[in-house]
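Trainee: I have a structure I would like to understand better, so I am pasting it below and will then ask my questions one at a time.
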Amino acid sequence: MKDRISLLVNAFYIGQVIEEEMTPAQRTLNKSNLTSYYYQVCVRTYCIFEKFGLQQIYRTHWTTLTMISKLKSHEYRDLAQLGNLLDTSAIETLDSQLI
């Protein structure tokens, strides 16, 4: 549990499967396989980092699943929408400048 990055990456991938590969019916059936806390934090992690990708998770220094779970609804929505405000070329430019 001490490996913060691995937890974030795993949550991202689980969130990706939930959001991208499952039908609504499958989501309902599989929701009982995870705790409600972990289900929510996985979806939130994926939605926040979706546009920025795993590279941004690896660049974080303090972000934890607990922090993501404690975000207020409006804070989560703002973070999730941030990626939509930036177009893909802007994100790629930022990535290349940071590497």
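Trainee: Sort 74, 61 by accessible area with a 1.4 Å probe, largest first.
Mentor: Correct descending sequence by accessible area is 61, 74.
Trainee: Provide the net charge surrounding residue 48, with neighbours chosen by a C-beta distance below 11 Å and charges set as Lys +1, Arg +1, Asp -1, Glu -1.
Mentor: 0
Trainee: More than 17 Å apart: what percent of Cα pairs in the stretch 16-80 qualify?
Mentor: In whole percent, the long-distance tail amounts to 44.
Trainee: To the nearest 10 Å², what's residue 75's accessible area with a 1.4 Å probe?
Mentor: 70 Å²
The values are calculated or read from the model by the stated rules, or taken from the named source; none is laboratory data. As the structure is a computational prediction, the values presented were derived from the model and not from experiment. Reconstructed Cβ throughout: ideal geometry from the backbone, glycine too, with neighbour counts over all protein chains shown. These area figures cover heavy atoms from the full protein model, side chains too; ligands, DNA and RNA do not enter into them. Shrake-Rupley method; radii C 1.70, N 1.55, O 1.52, S 1.80 Å.
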